[in-house]
Amino acid sequence: MLLNKHGETAENENIIIKDVDGLTLHDDQILPYAYWLTQKAEIKQKLNRVSIWLDSHDDIEALSDDLSSIDLIALNFPKFGDGRAFTMAHLLQDKFGFKGEIRAIGHPIADQAQFLFRCGVDSIDIPAAQDPAIWVKEATRMSRFYQRSAENITANSKY
Amino acid sequence: MAPAKQIKPLKNPVSVTANLLLKGSTVYLKADGTWSDDIANSAIAHDREQETALLALANITEKTQYVVGAYSFDVKIIDGKATPLGMREIIRAKGIPTITPDGLTSKPEWQNQFTKSNASSHKI
Amino acid sequence: MSLQQSIQQAAQKEYSPTAPAIAPKNVQMYKYDQFDDEFITQRIDQLRSQINRRLAGELSEDEFKPLRLQNGVYLQLHAYMLRLAIPYGQLNSTQMRALAYIARKYDKGFGHFTTRQNIQYNWPALSDIPEILEDLQKVEMHAIQTSGNCIRNTTSDPFAGAAADELTDPRPWCEIIRQWSTLHPEFAFLPRKFKIAVNAAEQDRAAILYHDVALQIIENDQGEMGFKVYVGGGQGRTPVIAKLVREFLEPQYLLSYLDAILRTYNMLGRRDNLYKARIKITVNETGVEEFSRLVELEWNRIKDTGFNLPEEQKQTIFKHFELPEFELHQYDAEKFESKKLKNNGFDYFVKNNTFAHKQDGYTIVSISLKPHGGIPGDISADQMDLVAQLADDYSLSEIRATHRQNLVLPHVKLDDLFILWQKLTKAKLAAGNIGLLTDIIACPGLDYCALANARSIPIAQMIAEHFDDMKKLNDLGDITLNISGCINACAHHHVANIGILGVDKKGEESYQVTLGGSSRSDADIGKIVGPGFSGDEIVGAIETITNVYLAGRTNNDETFLAYYRRAGQTPFKEALYNVA
């Protein structure tokens, strides 16, 4: 189940690929970052829609030249306390001008949802076995902010 | 013939403690799986196997959100009852600090002075 | 009794018939607007729902813990502990009365002021915490980000806005940082906690060089105000003095520069080892030149496109801190001097507990929370009410909390000082020991804290009881003595002239002594003098150390630290361990 910043849910059509042995490429796959780095040309050629996922320690700077050919970047939370994805989302959107979809995957918690959206994340892959109703509620929990959100949006923010 | 099962010994016997999730106060696991605020009521494990069993028992109530942070700690047995070893557990078992607002632990009355009903002793 | 009734009743007690029911509105501090109030309401609702989800089993303790910590809620040895934010240490009298009310209603009738200018309560139930926060909201206070791996309460000079030696008032800048850092979406799950301190005075009364970011407000050659920026200070198991990364930051860029520092740290900070996760380690491992190069690179990217507080909104915040109207009056110096001559206690109080005010005829008064044999930083609800009343009567309703766990009345007329001292004396709050050996910083230690290895408070009490001769204390002069109950160093033992660290030595409490630390602008980290002492031996060891100093100093003007820096550890080692 996917969640967006308005607190709306949608079915998740994507599959996160961890093991690339004998992989047959499809548009609905989210491919590992290391695989993308070595197989860029083939992936670009075969797929209409390119999606890759990064772990929190992966270097997003190395992606900056390729961003126009990527449609979706998923940022993994290996554990919810690892907050690098917040900055990675900000940099993708603000520094590199990434126009595709930014998604949070792995193990975020519902209480992080609004922070993620405010940093530029477009969708969150709600971890299996969690109640989507809680995520829907938390996505719009606060309506007063001391900071502007991604793309300098000032709605509901104090300054 | 199978060799006799090795049961790892413990350096000291142990009891299991936790804090109440809602209130935060210290409690001790009894043999029946319920909790007491008095360490004297706590179940005692004498070897690793018993310790593991007690922790598993504690885990059942931890999963019902009654207690939090269960762990085992060293005790010594006096008159068949557990008493804490080590200053940390001695202080926890008393449920209050070893100090009074106005003086030192060496003052004989400290144990009774700092209860909730006597909070006025902290007055000016 | 409701909070409102309690505040009114407290304000109408016998202390003064003229006391207002609620603190006057003209206190020079940040006042909430509707936005701030609605923000707090939403935040409390969020915590309440998180507690309910925890109780329903929808949040595990692992998930709940960082969420409750970011609202100041710890689980300690005997109970939950709630740490409330006192932004840069400033309180008005109404807020102090509310703290007294909370101490009585939800706790055991007292509170504990901390080294981060906050207050904590030792006994609240988890179920009461949303209600406590709602009471706090009524007096414009909260507990947000007083713990957790996020940007903590900004600390500052407790004499800010009053001190004669300050260049400008640092508080508006602290408030700007407070708002920017509050629920900053990008920096709520940092590798580790993050503390920012601001100073604008000549003296450093906020130990700024031991913060993750230290901002010293300076004036450049053109007479323009700006920030000297230091990064990577901290205590804990690896004490480090912050390093200079920028000589002069133009003030309009403060927030974008802080964003750049935090963003760099969030990406580079270690997440594999809790003890190596603070920015001090990041800066050491990356190298300060490389770290600041990365910060500058990011800052140059965002300085003009990222967020900096617009001038107009900056002015709005500054307006809250406009100086109060001081009465111009001539104080009676002759009468004042004669009172000092007649009262030894008053003489010591004036000497040690007052500091030069920027306005003639006024002084800054420190209230020591280190009475004879007392618990450093602890204060009863009745004492809180009294301090609130004294603030109303003598200090324009303002109070400050200091990082040395004392309180301050920042705007006291010299003519009122004697009567103030008499009233403090009656309440056992007149200890004239500010800056002396018994002005001890102590953490809660093993008596309360789940992390501690040894007790701190009884050691502080024993030392205070032993050194209770004011003449001797004044002879010893300017000495800092801090006691931490574990290596996390909450009581800043590394940076005390005499530091005591409690450790667990084979199940026994043992106390290690360090000498030569300083938290002021001549910052230094103390060095271990030798093997530790037992709880029974430690007072004797401190006595020996002070005797070495008294015997060895060239004259009364040579402070303990100056003597130590000249003589080194050898004479102390010889005396403590009988080695030649």
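Scanning segment B:4-18 for residues being among the β-branched types (V, I, T), open to solvent by 30 Å² or more (accessible area, probe 1.4 Å) and modelled with pLDDT of 95 or more gives a total of 0.
Residues that are touching a strand residue (DSSP E or B) at 6+ places or on another chain (Cβ under 8 Å) and open to solvent by less than 30 Å² (accessible area, probe 1.4 Å): which helices (runs of 4 or more DSSP H) entirely in segment C:496-580 hold 3 or more of them? Full working, then the answer.
Values: elements: C:538-552, C:560-567, C:570-577.
Per the criteria, C:538-552, C:560-567.
Of all residue pairs spaced 6 or more apart or on separate chains, those with beta-carbon atoms under 7 Å, a first member in segment C:18-40 that is more than 22 Å from C:E134 (Cα to Cα) and modelled with pLDDT under 95 and a second member that is open to solvent by less than 50 Å² (accessible area, probe 1.4 Å) and hydrophobic (A, V, I, L, M, F, W, C) are C:A19/C:A11; C:P20/C:A11; C:Q28/C:F321.
Restricting C:T155, C:T146 to residues that are within 15 Å of the chain's Cα centre (by Cα) and closer than 20 Å to C:I40 by Cβ narrows the list to C:T146.
Here is a check on your reading of the model: is A:F96 under 11 Å from the mean Cα position of the chain (by Cα) and among the aromatic types (F, W, Y)? Taking the combined requirement at face value, the residue does not satisfy it.
Residues are listed down the side, and each one gets a yes or a no for (1) outside any helix (DSSP H, G or I); (2) more than 18 Å from the chain's Cα centre (by Cα):
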position: C:R53; (1), (2): no, yes
position: C:R83; (1), (2): yes, no
position: C:M96; (1), (2): no, no
position: C:L99; (1), (2): no, no
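Here is the figure for segment A:95-116: residues that are more than 8 Å from chain C (Cβ to nearest Cβ) and open to solvent by 10 Å² or more (accessible area, probe 1.4 Å) total 8.
Just a yes or no: is a residue in segment C:362-385 away from chain B (no Cβ under 14 Å), among the polar types (S, T, N, Q), in a strand (DSSP E or B) and within 28 Å of C:A164 (Cα to Cα)? Yes, segment C:362-385 has at least one match. The set of residues from segment C:366-398 being crowded, with 24+ Cβ neighbours inside 10 Å and free of Cβ contacts under 8 Å to residues at least 40 places away in the same chain comprises just one member, C:S395. When residues in segment C:399-419 are screened for being crowded, with 22+ Cβ neighbours inside 10 Å and over 17 Å from C:N118 (Cβ atoms), 5 of them pass.
Here is the figure for segment A:117-140: residues that are at the interface with chain C (Cβ under 9 Å from one of its Cβ atoms) and either acidic (D, E) or surrounded by fewer than 17 Cβ atoms within 10 Å (Cβ to Cβ) (or both) total 4.
The residues in segment C:123-151 that are open to solvent by 20 Å² or more (accessible area, probe 1.4 Å) and within 14 Å of chain B (Cβ to nearest Cβ) can be counted, and the count is 4. For segment A:30-52, the set of residues classified as open to solvent by 70 Å² or more (accessible area, probe 1.4 Å) and hydroxyl-bearing (S, T, Y) consists of A:T38 only. Residues that are of a type in the set (S, T, Y), without any contact (Cβ under 8 Å) to a residue 40 or more places away in the chain and surrounded by fewer than 22 Cβ atoms within 10 Å (Cβ to Cβ) do not occur anywhere in segment A:3-19.
Report whether or not C:K65 is within 14 Å of chain B (Cβ to nearest Cβ) and in contact (Cβ under 8 Å) with a residue 12 or more places away in the chain. Criteria not met by C:K65.
Residues that are within 14 Å of chain B (Cβ to nearest Cβ): list the helices (runs of 4 or more DSSP H) wholly contained in segment C:394-494 that include at least 1 such residues. If you could, list the steps in order and put the result at the bottom.
Numbers: elements: C:417-426, C:457-466, C:470-476.
Correct list: C:417-426, C:457-466.
Looking at this structure, is A:L63 at pLDDT below 95, buried (at least 16 other Cβ atoms within 10 Å of the Cβ) and in contact with a strand residue (DSSP E or B) (Cβ under 8 Å, 6 or more places away or on another chain)?
On the way: at pLDDT below 95: yes; buried (at least 16 other Cβ atoms within 10 Å of the Cβ): yes; in contact with a strand residue (DSSP E or B) (Cβ under 8 Å, 6 or more places away or on another chain): yes.
Criteria met by A:L63.
Any idea which residue in segment C:109-133 is modelled with the lowest pLDDT, counting only those that are farther than 23 Å from C:L67 by Cβ and among the small types (G, A, S)?
If we filter segment C:109-133 for residues that are farther than 23 Å from C:L67 by Cβ, which is where we start, we get C:109-113, C:115, C:117.
Adding the requirement that they be among the small types (G, A, S) leaves C:109, C:111.
On the way: C:G109: 93, C:G111: 96.
Only one residue fits best here, namely C:G109.
Would you kindly identify the strands (runs of 3 or more DSSP E) lying entirely within segment C:191-273 that contain at least 1 residues that are surrounded by fewer than 20 Cβ atoms within 10 Å (Cβ to Cβ) and over 24 Å from the mean Cα position of the chain (by Cα)? Full working, then the answer.
Values: elements: C:196-199, C:213-219, C:225-231, C:243-249.
Counting at least 1 such residues, we get C:213-219, C:225-231, C:243-249.
When A:K137 is tested against (1) in contact with a Lys or Arg (Cβ under 7 Å, 6 or more places away or on another chain); (2) touching a residue at least 60 places away in the same chain (Cβ under 8 Å), exactly one condition is not met: (1).
Being over 30 Å from C:R48 (Cβ atoms), surrounded by fewer than 19 Cβ atoms within 10 Å (Cβ to Cβ) and within 10 Å of chain C (Cβ to nearest Cβ) is the requirement here; does A:N152 meet it?
Numbers: over 30 Å from C:R48 (Cβ atoms): yes; surrounded by fewer than 19 Cβ atoms within 10 Å (Cβ to Cβ): yes; within 10 Å of chain C (Cβ to nearest Cβ): yes.
Here the answer is yes, as A:N152 does meet what is asked.
The values are calculated or read from the model by the stated rules, or taken from the named source; none is laboratory data. Every value quoted in this text rests on a predicted model; they were computed, and no experiment measured them. With ideal geometry, Cβ positions are generated from the backbone for all residues, glycine too; neighbour counts draw on all protein chains shown. With ligands, DNA and RNA removed, areas are computed over all heavy atoms of the protein, side chains included. Shrake-Rupley method; radii C 1.70, N 1.55, O 1.52, S 1.80 Å.
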